[in-house]
1. Please go through the range 134-156 and give me each residue that is farther than 15 Å from residue 11 by Cβ and small (Gly, Ala, Ser), ordered by number.
2. State all residues of the range 48-68 that are at pLDDT 65 or above and of a type in the set (A, V, I, L, M); if no residue qualifies, say none.
3. Within the range 20-37, take every residue that is within 15 Å of residue 154 (Cβ to Cβ) and touching a Ser or Thr at 6+ places or on another chain (Cβ under 9 Å) and give me the one that is most open to solvent (accessible area, probe 1.4 Å).
4. Go through the range 111-133 and report how many residues are out of contact with any Ser or Thr (no Cβ under 7 Å at 6 or more places or on another chain), under 17 Å from residue 15 (Cβ atoms) and of a type in the set (A, V, I, L, M, F, W, C).
Amino acid sequence: MINLAPFLSYVFVTSFTPGPNNIMSMTNANRDGFKKTLRFDFGVSIGFFIIMLACSYFNLLLFKLIPRIRTIMSIIGAAYMVYLAYKIYTNKTVEGNSNNTHINSLFTGVMIQFVNPKAILYGLTVASNFIVPYYKTHTALILFSLLLASIAFASTVCWALFGALFQKFLSKYMKAFNTIMSLLLLYCAIALFI
C-alpha cells in the first residue's frame, strides 16, 4: 500500500511551488481576471491528466529512454519558457484590453504540459515511486491521474486568485510585476540545466 504522508507531501509541495503553470496562471489572472483564467487552468488540468496517464503507463519504457528525452524536453521546455517570459515582459496591456489572450487559453494550458519538464519529471517521479509499485490496474492509474490533475487545478486556481485579488495593486506596478514574473519564468528555464 502507498505511503500516504510522503506521497501527499511531495505532491502538494511540488504542485504549489512556483513553476510555469502557476506563474502563467497568476499572470493571466492579473491581466485578464480570475474567470477568464479558468480556461487556462482547466487546460493545465487536462494536459496534466494526459501526462500523468502517459507517465504511469509508460513508466518503464520512459525510464530507459530518459537521458535522451530529458535533454530534448529540457531544451524545448526552456525555449518555450523563455518565449513566455518575453511575452509577459513585453506585455503592455491596460486593464480590460489584453492583446496576449492566446497565452490565456485552454489550448495553451494543455500544450504547456508537453513542454514543461517540471510536469513530466514530476509525473515520472510520482508514477515510479508512489503509484506503479503499488497499483497497476487501469482504474487505479486513471483515479490517481485524476487526483493529481485536480491538485494541479487547485494550485493554478490559487495562484490565479492571488493574481486577481492583487490586480489593482499589481496594475499600478505592472512593469515591475511583469519583470519579476518574467525573471521567475527565466529561472524555471535555467533551473532545468542546473
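The values are calculated or read from the model by the stated rules, or taken from the named source; none is laboratory data. Owing to the predicted nature of the structure, the values given are computational and were not obtained by experimental measurement. Reconstructed Cβ throughout: ideal geometry from the backbone, glycine too, with neighbour counts over all protein chains shown. Areas reflect the complete protein model, heavy atoms only, side chains present, ligands, DNA and RNA absent. Shrake-Rupley method; radii C 1.70, N 1.55, O 1.52, S 1.80 Å.
1. 140
2. If the condition is that a residue be at pLDDT 65 or above and of a type in the set (A, V, I, L, M), then 50, 51, 52, 53, 54, 61, 65 are the ones that fit.
3. 21
4. Going through the range 111-133 one residue at a time, the tally reaches 7.
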